[in-house]
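The values are calculated or read from the model by the stated rules, or taken from the named source; none is laboratory data. Given the structure is predicted, the values throughout are model-derived calculations rather than measurements. Note that each Cβ is placed from the backbone with ideal geometry, even for glycine, and that neighbours are counted across all protein chains shown.
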Amino acid sequence: MKSSSLQKRLGIGLTLGMTLLWLGATVGTWLVVQHELNEAFDSALEETAQRILPLAVLEISNREEPRDAQHVAPLKTHKEYLTYLVRNGEGQILMQSHDANPDIFSKHPAEGFTTTEKYRLYGASALRETVFIEIAEPLGHRREAAREALFALLLPLSALIPVSLLGIWLFVRISLRSVIAYRRAVEARGVGDLSPIKVARLPAEIDPLAEAVNHLLERFRKALEAERSFTANSAHELRTPLAATLAQIQRLRHEAPEGPLRVRAAKIEKSLRELVRLSEKLMQLAKAEGGGLLSETPQDLIPLLAHVVDEWNHSSGGRVELRLPAQASMYSAIDPDAFGVLLRNLIENALKYGAADLPVEVSLSESALLRVINGGPAVPEPVLQRLTERFVRGNSEASGSGLGLAIARTIVEGVNARMLLVSPATGRPDGFEVCVWLPVVATLEG
Ligand SMILES: Nc1ncnc2c1ncn2[C@@H]1O[C@H](COP(=O)(O)OP(=O)(O)OP(=O)(O)O)[C@@H](O)[C@H]1O
Ligand SMILES: [Mg+2]
C-alpha cells in the first residue's frame, strides 16, 4: 500500500475539523443574532403603533365626518418604511398612511403580531376595540440584516482555510525536520557501517523507533562480528597444525622409497596445500567483511600496484604486463593491505584461467580505473553473473575454492567502489576482463 504523507493528512484533517467547528459556531451565533434582531424590530414596531394610536384616535374623534377615510399627507414626499391602517371593528378604514396598501392587511383587524409572506404586522386597539391600528413592516429589511450577519460570520472562514492549511503544513514540516534528518542519516550509511544512528531531538513518538533500530543494529553487528571472528579464528588456528602436517608429509615423501608410497605422500601433500590455500582465502574474506577497508591517510596506489605485479612476475615468469597512467602518483583512501588482496586475487585468476601463451594485462587509467585482462575462452553471461558469489566456480579444470572473486567484491563494496566482469574482454573476440573503479582522493601531478 502506498504510504500517505503525515503532513497532508494532518493539514487536511485539522483544517476540515476546524472548518466544521467554525461552521457549527457560526450557525449557533447566527440563530441567536436572528432571534435578538427580531425582538428588537418587533419592539420598535410595537412602540410605533402605541405612539400613533392615541394621536389617530384624537384626530378621528375631532372630525366632523368621521366615516371618511383619510390619507395622512406626508410632510415631505418619501418612501415609507412602516405603513399603517386605522380601522374600526368591522374593518372600515378610518385613516391610513399615504403609502399604505390595504391588501397586505387581513380583512378584519386583529391584535398582536402576525407574519405574512412579505410583512410583519402588529395590531393594537383603543376605545374598547372600536378603533384598531395595524402597522406593517416589510420583512426584507430583517432578512437583509440576518444575511449580513451571516456573511460577516462566514467571511473570516475564507481566509482561515488557506491560512490554516499553510500554517499546519509549515508547522508539521518544521516538526518533522529531525525525522527527515534521521532518514538521511540512515540513507547515508555505507555497506559496513552498523554503528548506532544518532539524531538529536527526535519527536517522542519516533524516538523509541530509533532506539529499537539502534538495538537491532547492535545485535546485528554483534552477530556478524561473532561470525567473522569465528571464521578468522578458525582459519588462523588451522594454520599451525596445517603447516606442521605439511612439513611432516614433505619429509615422509623424501624419505619414502621410490614407488606407490611416495606417490601417495605427494597426493596428500597436494591436498594439504589446497587446504592451506582455502584457510588463507577464508581469512581474507573474513577480514574483508570485517570492514576497516579504508585507511585514514590516502595511499599512493602506483608503487603498491608495481610491487604486486613484480611479485607475480617473479613466480609466473614475466607473464604480467603493467600499464600505468601518465601521472606519477594516484592517492586513494583504500587500505593498502586490502588493495593488495584485491589485486592478488584478480591477477591469480587471470594467470590461472587465462590462456597460458598470452600475457595478462594489468592497467590503471588516469581516472583510477583498474583493469585486469587475460586471453582464453569467453565465459558465458549466465555463469559470469554468479562468479562473485561465494564458492561459485566456473567450469575449469584448475583447482580453487571459488572465493577469490567474492573477496574482491567484498573489498570493492566496502570502499564504495564498483566492479564489473566482462567477457569477452572489450575489443576482443574472447578473454576475460575485470574492471574496478577505485575511489581516488586526489591526483597529484609529479
Ligand atoms: N580471469 C579469469 N578468466 C576466466 N575465468 C575466470 C577468471 N577469473 C575467474 N574466473 C572464473 O570464475 C570462477 C570464480 O573465481 P574465484 O576467483 O572466485 O574462485 P577460484 O579462482 O575458483 O578459487 P579461489 O580464487 O578461491 O582459489 C573461477 O572458477 C573461474 O571459472
Ligand atoms: Mg581465484
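Can you name the number of the only condition in (1) in contact (Cβ under 8 Å) with a residue 24 or more places away in the chain; (2) farther than 30 Å from T297 by Cα; (3) basic (K, R) that R393 fails?
Result: R393 fails condition (1) only.
If you scan region 158-181, which residues turn out to be under 30 Å from V213 (Cβ atoms) and without any contact (Cβ under 8 Å) to a residue 12 or more places away in the chain?
L170, F171, I174, R177, I180
So which residues in region 296-319 are surrounded by 15 or more Cβ atoms within 10 Å (Cβ to Cβ) and part of a strand (DSSP E or B), if there are any at all?
P298, Q299, D300
Only one of R386, R418, R409, R393 is outside the structural domain of A286 (by TED's automatic domain parsing), loosely packed, with under 14 Cβ neighbours inside 10 Å and within 23 Å of K287 (Cβ to Cβ). Can you tell me which?
Answer to the selection: R418.
Given the structure, is G290 away from ligand 2 (no atom under 16 Å from the Cβ) and closer than 21 Å to L342 by Cβ?
Taking the combined requirement at face value, the residue satisfies it.
Give the residues of region 431-446 that are surrounded by 15 or more Cβ atoms within 10 Å (Cβ to Cβ) and of a type in the set (D, E, K, R), sorted by residue number.
E433
How many residues are within 24 Å of L170 (Cα to Cα) and either among the β-branched types (V, I, T) or exposed (fewer than 13 other Cβ atoms within 10 Å of the Cβ) (or both) if we restrict to region 17-29?
The qualifying residues number 4.
Residues of region 334-364 being of a type in the set (V, I, T) and more than 13 Å from ligand 1 (Cβ to nearest atom), which ones?
Within region 334-364, just I334 meets the criteria.
Give region 192-237 a look and list any residue that's aliphatic (A, V, I, L, M) and either outside the structural domain of A286 (by TED's automatic domain parsing) or over 23 Å from V412 (Cα atoms) (or both), or say none.
I197, V199, A200, L202, A204, I206, L209, A210, A212, V213, L216
Just one of the numbered conditions (1) at pLDDT 90 or above; (2) within 15 Å of ligand 1 (Cβ to nearest atom); (3) polar (S, T, N, Q) is not true of S367; which one?
Exception for S367: condition (2).
Each row is one residue, and each column tells you yes or no for (1) assigned by TED's automatic domain parsing to the domain that holds L305; (2) more than 17 Å from E321 (Cα to Cα); (3) touching a Leu at 6+ places or on another chain (Cβ under 6 Å); (4) away from ligand 2 (no atom under 14 Å from the Cβ).
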| residue | (1), (2), (3), (4) |
| --- | --- |
| Y331 | yes, yes, no, yes |
| D337 | yes, yes, no, yes |
| R344 | yes, no, no, no |
| I347 | yes, no, no, no |
| G354 | yes, no, no, no |
| S367 | yes, yes, no, yes |
| V372 | yes, no, yes, no |
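Is it fair to say E258 is touching a residue at least 60 places away in the same chain (Cβ under 8 Å) and surrounded by fewer than 15 Cβ atoms within 10 Å (Cβ to Cβ)?
No, not satisfied.
For region 191-231, which residues satisfy the criterion of being touching a helix residue (DSSP H, G or I) at 6+ places or on another chain (Cβ under 7 Å), under 30 Å from L282 (Cβ atoms) and at pLDDT 85 or above?
The one that is touching a helix residue (DSSP H, G or I) at 6+ places or on another chain (Cβ under 7 Å), under 30 Å from L282 (Cβ atoms) and at pLDDT 85 or above: P196.
Here is a check on your reading of the model: is G404 within 11 Å of F432 (Cα to Cα) and within 8 Å of ligand 1 (Cβ to nearest atom)?
Criteria not met by G404.
Go through region 130-160 and give me each residue that's over 58 Å from the mean Cα position of the chain (by Cα) and either of a type in the set (F, W, Y) or part of a strand (DSSP E or B) (or both).
V131, F132, I133, E134, I135, A136, E137, P138
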